[in-house]
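The values are calculated or read from the model by the stated rules, or taken from the named source; none is laboratory data. Small disclaimer: the values here were computed from a predicted structure and weren't measured. When we count neighbours, we look across all protein chains shown, and the Cβ atoms used for this are built from the backbone with ideal geometry, even at glycine. For accessibility, only protein heavy atoms count, side chains too; no ligands or nucleic acids. Shrake-Rupley method; radii C 1.70, N 1.55, O 1.52, S 1.80 Å.
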Amino acid sequence: MFSWLKNLFVGESQSAGGAIHHRPAARPPAPPKFIAPAEAPPSQAITGRGLSFHADLIPKLLHEHRVVLELYGQILHNATVKDWGKVAPMLAQFKKGLSDHLLDEAVRLYVYLQKSVEDEESRALIRNFRTEMEGIGRVVIKVLDRFEDVAKSPYLQELFEAEWRGLGAVLGDRIAREEKTLYPLYA
């Protein structure tokens, strides 16, 4: 669903000044060695080392990515056609959905993965993903808070579309890397 949006943003980054720069796609690192949990029915959690494996976690996170990307596209469309009355409540919905998703990743994915991989190199990769996502999350929430009153401010409306596209570039790249490199480690 909106895979075009994800593909559109892979290979772009945003500089501190807000400009979007194209960069070549990075080669994904070699997959770390993973201690696979025993097979379990999707509805059951597997507990080991004080943490639980949830067979339904990755499908849930992937679904949340699709929802976030779809909402991103709807917000961009409404901003493009200057329907600011729809943009503001959708931004609140986006913020809640993304915050819930980030919390789920932090609590259920990253902690489990860091305790389940065998070598320090793999743990470092997971720590880097987590640290990067925490930083991206803070920036995204800051942007969402900044544009909270976009429906009432012509000044914010003028800035919104370019900043929203830049945010989409960062999120699209991050989602693609998570799905390609990080999520397969959990399965």
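For the reader, a short list of remarks on this structure follows.
- Residues satisfying the stated conditions in the range 56-65, i.e. out of contact with any Phe, Trp or Tyr (no Cβ under 6 Å at 6 or more places or on another chain), open to solvent by 20 Å² or more (accessible area, probe 1.4 Å) and farther than 19 Å from Ile141 by Cβ: Asp56, Pro59, Lys60, Leu62, His63
- Of the numbered criteria (1) closer than 19 Å to Gly97 by Cβ; (2) surrounded by 12 or more Cβ atoms within 10 Å (Cβ to Cβ); (3) not acidic (Asp, Glu), the one Leu156 fails is (1).
- Residues of the range 159-168 that are out of contact with any helix residue (DSSP H, G or I) (no Cβ under 8 Å at 6 or more places or on another chain) and open to solvent by less than 20 Å² (accessible area, probe 1.4 Å): Gly166 alone.
- Single unsatisfied condition, Ser122 versus (1) touching a Pro at 6+ places or on another chain (Cβ under 7 Å); (2) modelled with pLDDT of 95 or more: (2)
- Taking every residue in the range 103-128 that is of a type in the set (Val, Ile, Thr) and pairing it with any residue that is open to solvent by 40 Å² or more (accessible area, probe 1.4 Å) and part of a helix (DSSP H, G or I), at least 6 positions away or on another chain, the pairs with Cβ-Cβ distances below 7 Å are Val117/Arg123.
- Which numbered condition Ile175 fails, given (1) farther than 17 Å from Ile58 by Cα; (2) part of a helix (DSSP H, G or I): (1)
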